[in-house]
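Engineer: Mind looking over this structure? Questions follow.
The values are calculated or read from the model by the stated rules, or taken from the named source; none is laboratory data. Predicted model only: the values in this text are computed from it and were never measured. Reconstructed Cβ throughout: ideal geometry from the backbone, glycine too, with neighbour counts over all protein chains shown.
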Number of protein chains: 2
Amino acid sequence: MPRPTILDVAKAAGVSRATAARVLAGATNVDPAMASAVVREAARLGYETNFAARVLRGGRAGAIGLVIAFNELGSLNGTFFTAVLKGAAKGLSAGEVQPVLLPADHEDLDRIPRFLRSGALDGAIVVLQHEITHLVERLADPPVPIAWVGRPRSDLGASSIVIDSDNYGGGRLAARALIEAGRRRIGIITGPPDMEQARERSRGWTDELAQHGIEPGPIVHGDFTLDSGTAAMARLLQRAPDLDGVFASSDLMAAGAVRVLHAAGRRVPQDVSLVGFDDVLIASTNDPPLTTVRQPLEEMGRAAADTLLAAIRGQSVEGMQLLPTSLVRRESL
Amino acid sequence: MPRPTILDVAKAAGVSRATAARVLAGATNVDPAMASAVVREAARLGYETNFAARVLRGGRAGAIGLVIAFNELGSLNGTFFTAVLKGAAKGLSAGEVQPVLLPADHEDLDRIPRFLRSGALDGAIVVLQHEITHLVERLADPPVPIAWVGRPRSDLGASSIVIDSDNYGGGRLAARALIEAGRRRIGIITGPPDMEQARERSRGWTDELAQHGIEPGPIVHGDFTLDSGTAAMARLLQRAPDLDGVFASSDLMAAGAVRVLHAAGRRVPQDVSLVGFDDVLIASTNDPPLTTVRQPLEEMGRAAADTLLAAIRGQSVEGMQLLPTSLVRRESL
DNA sequence: CCTCGCTGAGAGATCGATCTCTCATCCACG
DNA sequence: CGTGGATGAGAGATCGATCTCTCAGCGAGG
């Protein structure tokens, strides 16, 4: 059975196309009798505005994309994305927009840009993750408004929307907390150097140490995953067996680090203090629970959605929004 | 800058609309010189077929939806969905189709059906989860082909596509394994009674016990989550303190059950044997690792995608596909 | 030399919703 | 009683891709 069109509804209600369209668009200057007939017939026939026709005519698609790295969807790392998604979904629901998750396959990076260029969506929120940093370049001249969650390294146009947390300040918070706990031989497990967020956290950490006249300890790189955290911690211990504090640039890496420290016979926090970053689920369920720098992930998602919708509606919006980070004290420090 | 249309490409290449369309559609009966000019100009202008126009004209949208329960996206339960998604995504990539995840908000159940009725997608894969069982009724007369992963309780039309694992057989496998391990006082933690899959697992379990002349132990319900598993196990112990075997209808519930058993001073598997269901990540990472009934989740996702694409292409397909379950022996039995 | 058949390419029509323009009707006021 | 303004509703045009129909041009065979 073919989908009913607005013509079917109009015919059934005994009015013209235009009148039916007017009613369904919510116009008020229509005869009440006609209007109710249209509404009734539309419901009876199960009519729904044809997506393609509406978009083609220049209207809103009523859907926006949420681009995420496919591979990270399954890992525990997903909790990072989930929090952002939750906030974004709330904002989108309020705007009567269907959220559409687009898993970005890193083997075919051009797929998402192609889809966005096809005009199927009104806009997109891209959650920057390590695996899809290359998407940034391919979306440099976006066909629809894009809100970035996390700061891309390359410069985007002045009109672009970027929602990020204060990673630099967060790095300083972590360093200060370790210093105030009396730690002096502090190592750092950073994130991937191609991610601006990771670099900002390191920069804050370095600056805070310098301000207190403390020599930075060894620096090793991870990629935000738990496994990379264990590998990184092993290297840290090798290079500085006497360290008494570690700042891990993600909670997952911190959790990995704890395992290595325990295996090496170090107690956390008595022998080595540890500060993570993100404040995702694992931070509170870990043994010991992690002291960490909290990113307001859900608020970031919400801000991205709200800003994007405003931009789509043609309103002028604040291009760059930095949300504050804060220290959450648990037992690893 | 407005998106270039096929008319822009045709003009730039010095040919007509029709010729440009022919080239881009892959027709062979076009002058090679013209064809290469069209291809060159399309690339230079960054042309991408307008989604709305193509769909409106009656073509394929080139995208299919994957409907999932929004709230389960964040929980560990997500690994269930992730495995299905992974398989489905592979099948869809092979068919040059963009997978689009639609989070189903249980507060607005009509949203997904509305979106599907709008014609934006060629079809959908619905992964049945407890929270969205009500979606089944609302999609009884689907506007596009739908492949169900998991068996809906209500009867769907004869033409519908259902991909499920052999839950009944899996229930029998679990019961037989417990019996062969010498267990005789066996309780069960079932899934929600409104899910056909959960009922099938119970049915298999009951039948297998009966066949061996063993009286079924106490029955309690959970909702597949870890927390519900702990609550259910507590009730089981209360009702049958002497039980020596438990079949949990999901790995998450089994993991929850282990915690309660340990807290009650029972050793697993020495005092109480435990068999889970699903074989998701937690089954292997749990302490002790869980003996469980494996569902071929990734294969199910792949089958759903392949079958759906075939149906969209108008091929006749096998409506109901039951994939075999198998017992994975680890240390909880 | 004329005509038939084939290849290749352009013009027109179509999909469904919606915006604009036009027009009919009615009431009120001069 | 006639005209202006307001209100409501229909016809036409539009968005972009693509399918069908039509037609020009050319080579070969009668």
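Engineer: Out of A:159, A:165, I need the residue that is more than 13 Å from the chain's Cα centre (by Cα) and either hydroxyl-bearing (Ser, Thr, Tyr) or closer than 20 Å to residue A:200 by Cβ (or both). Which one?
Structural biologist: Step by step, each of A:159, A:165 is checked, and only A:159 is more than 13 Å from the chain's Cα centre (by Cα) and either hydroxyl-bearing (Ser, Thr, Tyr) or closer than 20 Å to residue A:200 by Cβ (or both).
Engineer: Looking only at residues that are assigned to a loop (DSSP other than H, G, I, E, B) and either in contact (Cβ under 8 Å) with a residue 60 or more places away in the chain or surrounded by 11 or more Cβ atoms within 10 Å (Cβ to Cβ) (or both) in region B:1-20, which one is farthest from DNA strand C (Cβ to nearest atom)?
Structural biologist: Ranking the candidates gives B:4 first.
Engineer: Search region A:266-279 for residues being among the β-branched types (Val, Ile, Thr) and within 22 Å of residue A:204 (Cβ to Cβ), and hand back the single one that is surrounded by the most Cβ atoms within 10 Å (Cβ to Cβ).
Structural biologist: A:275
Engineer: Right, something else. Kindly establish whether residue A:301 is under 20 Å from the mean Cα position of the chain (by Cα) and either surrounded by fewer than 24 Cβ atoms within 10 Å (Cβ to Cβ) or touching a residue at least 60 places away in the same chain (Cβ under 8 Å) (or both).
Structural biologist: For residue A:301, the condition - under 20 Å from the mean Cα position of the chain (by Cα) and either surrounded by fewer than 24 Cβ atoms within 10 Å (Cβ to Cβ) or touching a residue at least 60 places away in the same chain (Cβ under 8 Å) (or both) - is met.
Engineer: Of the residues that sit in region A:280-294 and are crowded, with 24+ Cβ neighbours inside 10 Å and modelled with pLDDT under 95, which one is nearest to residue A:256 (Cα to Cα)?
Structural biologist: This residue is A:283.
Engineer: Ok, one more. Just to check your reading of the model, which residue among A:224, A:247 is at positive phi and crowded, with 22+ Cβ neighbours inside 10 Å?
Structural biologist: The unique qualifying residue is A:224.
Engineer: Can you name every residue in region A:21-64 that is β-branched (Val, Ile, Thr) and either more than 8 Å from DNA strand C (Cβ to nearest atom) or away from chain B (no Cβ under 11 Å) (or both)?
Structural biologist: A:23, A:28, A:30, A:38, A:39, A:55, A:64
Engineer: While we're on this one: One residue is enough: does region B:132-153 have a residue meeting the conditions out of contact with any Leu (no Cβ under 8 Å at 6 or more places or on another chain), closer than 30 Å to residue B:8 by Cα and more than 16 Å from DNA strand D (Cβ to nearest atom)?
Structural biologist: no
Engineer: Still on this structure: With closer than 24 Å to residue B:277 by Cα and small (Gly, Ala, Ser) as the only criterion, which of B:157, B:191 stands out?
Structural biologist: After applying the criteria, what remains is B:191.
Engineer: Working only within region A:111-165, note down all residues that are in contact (Cβ under 8 Å) with a residue 12 or more places away in the chain, surrounded by 19 or more Cβ atoms within 10 Å (Cβ to Cβ) and of a type in the set (Gly, Ala, Ser).
Structural biologist: Once the filter is applied, which keeps residues that are in contact (Cβ under 8 Å) with a residue 12 or more places away in the chain, surrounded by 19 or more Cβ atoms within 10 Å (Cβ to Cβ) and of a type in the set (Gly, Ala, Ser), region A:111-165 yields A:119, A:120, A:123, A:124, A:147, A:150, A:165.
Engineer: Can you name the helices (runs of 4 or more DSSP H) wholly within region B:90-198 that have at least 3 residues being within 14 Å of chain A (Cβ to nearest Cβ) and under 21 Å from residue A:103 (Cα atoms)?
Structural biologist: It comes to B:111-117.
Engineer: When residues of region A:2-56 are filtered for being of a type in the set (A, V, I, L, M, F, W, C), more than 10 Å from DNA strand D (Cβ to nearest atom) and closer than 30 Å to residue A:117 by Cα, how many remain?
Structural biologist: Qualifying residue count, region A:2-56: 4.
Engineer: Hey, among B:50, B:29, which residue is within 26 Å of residue A:142 (Cβ to Cβ) and out of contact with any Pro (no Cβ under 7 Å at 6 or more places or on another chain)?
Structural biologist: Unique residue meeting the criteria: B:50.
Engineer: Identify, by number, the condition in (1) within 16 Å of DNA strand C (Cβ to nearest atom); (2) surrounded by 22 or more Cβ atoms within 10 Å (Cβ to Cβ) that residue A:88 doesn't meet.
Structural biologist: So the condition that residue A:88 fails would be (1).
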